[in-house]
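J.: Let me begin by handing over the structure; questions about it come next.
The values are calculated or read from the model by the stated rules, or taken from the named source; none is laboratory data. Worth saying up front: this structure is predicted, and the values here are computed from it rather than measured. Glycine gets a Cβ as well: all are built from the backbone with ideal geometry, and neighbour counts include every protein chain shown.
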Amino acid sequence: MSNTNKDKTVLIIDYGVGNLLSITKALDYLGYSYGVSNTVDDIVRYQSYILPGVGAFGEAMRNINLLGVSEALCQEVKIQKKPILGICLGMQLFAKSSTEDGHHQGLGLIEGSVEKINPGPENLKVPHVGWNEIIYDKKNPLFKNIDKNSCFYYDHSYHFICDSGYKIASCIYGDELTVAINRDNIYGFQFHPEKSHISGLKLLRNYFNHIGKLHA
Amino acid sequence: MLKKRIIACILVKNGLAVQSIGFEKYLPIGSPIIVAEYLNKWGVDEIVYLDIDATINGREPNYRQVESVAKACFVPLSVGGGIKSINHMRDLTRCGADKIIVNSSLFEQKNLLMDAASAFGSQCIVAAVDVIKSDNSYLIKSNSGTIDREESLINWVLNLEKLGAGEIFVNCIHKDGKKTGFDIEILKEISDLVNVPVIGCGGMGSPQHVVDVFSGTDISGAAIGNYFNFIEHAPVILKSYLKTNNIDTRIDTEYDYNDHPRNMDGAIVKKDASALYELTFTYHEPEII
C-alpha cells in the first residue's frame, strides 16, 4: 500500500516481532493507507505511527535499539508532537521500564512501569487471555458509539502501571488494570483493537477521526 | 469480568477443512478460508487452525493458506501443525497468526518451548497435548495420534507450564467426534493443576455439554469443531444458551436465539405453528463502521 502523499498516512513500525498482518488488514478494512517500515528516514517523513506488538519486552527493545530508531521516534513524538498509537506490547514499550524476564528500559514516553499481573487471592490465570469488558469515560471521543458492555480481546501477562491521569480505560481482572492510556499525542491500548471484531474496528475508526481533528 | 471463550477449531488435512472422528476418520467440509469467514461472522471468540497432516507428512506449515485464513478473521487466530522451529513461528506470525500452537515437536526439541516463549512472550505460545483415556488412565499421543508417548500426563503438563507455555490446549482423542460431551474429569484436573489458561477440546455435541464443562471445571475456553460446521449460526445459538444458563460469553452479533424453544440438550427446535404464523421479517441496516 504505497501512497505518494506519505505524510498523510500512518507508519506501522516493523521491529521484527509481532503480527503486522492483523493491523494492516484492519487498516485495509477501514480504508486507511499506511506504510510499514523501520528506518529513521521513514519515521521522519510520516506524520503518525502505530507501534504494534506481540512479543517479549526485552526482545522488542533490543530489536528497536538495534534498528537505531528509538531516538528518532521519541524525538518526532515528543518534540514534533506526532501522534503514536501503541498496541499491547507496543503500549507497554512507552513505559520507562519493565520487569518482564529481568529489568529492561523502555522508550520512556509515559511515566510508568510494566509489571506482572498479580493472580491475587482468586488465583487468577496468568496470562490474561480472552475477551473482557472495558470501563471508560463516556465523554471520551475515542469511545464514541461503543456500547457500555463491549468486549475487547486481551493477551498479556504484564500490565502498565502509571499515574491515573494517563489512564483512559480499565478492565477488571482481579485488580483494576489500566488498559488504555493517553498523554497528549501518545495513545496506547493494552487490548488488541485489530482482533476485537466490530468493537475494535469502531475504536480504530474513532482513533483516526480523533487524531485527524486534534493533530491535523 | 473475563468472559469464557468459545473457540472454533478448523482442522485441516490436505489443505481442506475436515471433520475428525477419533483422530482416525476424516470427512471433508471445504475450504478453510470460507469456514473462517462464516465463523468470524457468527461471533466465535477465537479461531484455531490446526494443520493435522503437516507433522506426519514431514511438511512445513502451509503459510499461504494461513495468510488467507488470517485475512478472513477479525478475531484472534491460533495456528498449529508442522511447527518445528522459531523460524516457522516467525513466518507464521508474519502470515497473521496471533498465537502459535506447538505439540509434537516439543517431544524431540526440549528447548523449543522455552526459546519460543522468550522470543515471542508466553502469551503467544499455546502448548497442545493430545490425550487418550484407556483403562481409566490417561496417556499422551503425538503426531496426530500416531505415536504413543511415555511421559505421564500430569508431569508433562506441569513441564509445559514451567517451560513457558501461555496456554494449555487439551485435545481428548477418545472424545473426538463422539458428541458425548467434554471429558470433564481430566480437564478439571489439568485446569486445577496449572496457573495458565486451559482450553478443552473434544466431544462437544450439544450446547448443554458446554454448560457442563464450564460449570464442572475452571477451563478458560471450549474448543469446538464439528458442531460449528453443520448448523447455521451455531456459535450464536450456543452463546444464547450459555447466557440463559448464566455463563458469561462475549455476544456482539445483532441477532440472538434467547427466546427460541430448545430441547433438553439445548439444541433449538422448531417453533410451533402459531409462533411461525406471527413471524415477521425486519430489515436490519448493515452497520457501517
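J.: Would you mind finding the one in A:ASN123, A:ASN118 that is out of contact with any helix residue (DSSP H, G or I) (no Cβ under 9 Å at 6 or more places or on another chain) and on the phi > 0 side of the Ramachandran plot? Let's see the steps before the verdict.
T.: Working: A:ASN118 fails: on the phi > 0 side of the Ramachandran plot.
Being out of contact with any helix residue (DSSP H, G or I) (no Cβ under 9 Å at 6 or more places or on another chain) and on the phi > 0 side of the Ramachandran plot holds for just one of A:ASN123, A:ASN118, which is A:ASN123.
J.: Criterion first (assigned to a loop (DSSP other than H, G, I, E, B), within 11 Å of chain A (Cβ to nearest Cβ), more than 24 Å from B:ARG149 (Cα to Cα) and within 18 Å of the chain's Cα centre (by Cα)) does B:ALA70 satisfy it? Quick ask: steps written out before the conclusion?
T.: Values: assigned to a loop (DSSP other than H, G, I, E, B): no; within 11 Å of chain A (Cβ to nearest Cβ): yes; more than 24 Å from B:ARG149 (Cα to Cα): yes; within 18 Å of the chain's Cα centre (by Cα): yes.
No.
J.: Where in the stretch A:105-216 are there strands (runs of 3 or more DSSP E), lying wholly inside it, with at least 1 residues that are surrounded by 14 or more Cβ atoms within 10 Å (Cβ to Cβ) and within 14 Å of another protein chain (Cβ to nearest Cβ)? So that I can check it myself, show each step before the final result.
T.: Details: elements: A:112-116, A:128-133, A:151-156, A:158-162, A:167-173, A:175-183, A:186-189.
Correct list: A:112-116, A:128-133, A:151-156, A:158-162, A:167-173, A:175-183.
J.: Related question: Of all residues being of a type in the set (D, E, K, R) and surrounded by 12 or more Cβ atoms within 10 Å (Cβ to Cβ) in the stretch B:240-269, which is farthest from B:MET204 (Cα to Cα)? Just the residue, please.
T.: Filtering the stretch B:240-269 for residues that are of a type in the set (D, E, K, R) and surrounded by 12 or more Cβ atoms within 10 Å (Cβ to Cβ), the one farthest from B:MET204 (Cα to Cα) comes out as B:ASP252.
J.: In the stretch B:44-86, what count of residues is obtained for those that are among the basic types (Lys, Arg) and within 24 Å of B:ASP252 (Cα to Cα)?
T.: Just the residues of the stretch B:44-86 that are among the basic types (Lys, Arg), to begin with: B:59, B:64, B:71, B:84.
The next check asks that each one be within 24 Å of B:ASP252 (Cα to Cα); those that pass are B:71.
Going through the stretch B:44-86 one residue at a time, the tally reaches 1.
J.: Give me the residue from the stretch B:168-197 that is of a type in the set (Val, Ile, Thr) and within 20 Å of B:PHE228 (Cβ to Cβ) and, out of that set, surrounded by the most Cβ atoms within 10 Å (Cβ to Cβ).
T.: Of the stretch B:168-197, the ones of a type in the set (Val, Ile, Thr) are B:168, B:170, B:173, B:180, B:184, B:186, B:190, B:194, B:196.
Among the residues that remain, those that are also within 20 Å of B:PHE228 (Cβ to Cβ) are: B:170, B:173, B:180.
Working: B:VAL170: 26, B:ILE173: 23, B:THR180: 14.
The selected residue is B:VAL170.
J.: I've got another one for you. Would a scan of the stretch B:13-22 turn up a residue that is modelled with pLDDT under 95 and assigned to a loop (DSSP other than H, G, I, E, B)?
T.: Yes, some residue in the stretch B:13-22 is modelled with pLDDT under 95 and assigned to a loop (DSSP other than H, G, I, E, B).
J.: Determine if the stretch A:62-82 includes at least one residue that is within 14 Å of chain B (Cβ to nearest Cβ) and closer than 21 Å to A:TYR153 by Cβ.
T.: As a first pass, look at the stretch A:62-82 and keep what is within 14 Å of chain B (Cβ to nearest Cβ): A:62-63.
Filter again for closer than 21 Å to A:TYR153 by Cβ, leaving none.
No, the stretch A:62-82 has no match at all.
J.: Let me ask something additional. If you check B:ALA54, B:ALA119, which single one turns out to be out of contact with any Phe, Trp or Tyr (no Cβ under 9 Å at 6 or more places or on another chain), at pLDDT below 95 and among the aliphatic types (A, V, I, L, M)? Write out each step before concluding.
T.: Details: B:ALA54 fails: at pLDDT below 95.
Of B:ALA54, B:ALA119, the one residue that is out of contact with any Phe, Trp or Tyr (no Cβ under 9 Å at 6 or more places or on another chain), at pLDDT below 95 and among the aliphatic types (A, V, I, L, M) is B:ALA119.
J.: List pairs: first in the stretch B:194-210 and over 17 Å from B:TRP156 (Cβ atoms), second surrounded by fewer than 24 Cβ atoms within 10 Å (Cβ to Cβ) and among the aliphatic types (A, V, I, L, M), Cβ under 6 Å, 6+ apart or cross-chain?
T.: So the pair list comes out as B:SER206/B:ALA267.
J.: Here is a check on your reading of the model: is A:TYR32 of a type in the set (Ser, Thr, Tyr), part of a loop (DSSP other than H, G, I, E, B) and on the phi < 0 side of the Ramachandran plot?
T.: For A:TYR32, the condition - of a type in the set (Ser, Thr, Tyr), part of a loop (DSSP other than H, G, I, E, B) and on the phi < 0 side of the Ramachandran plot - is met.
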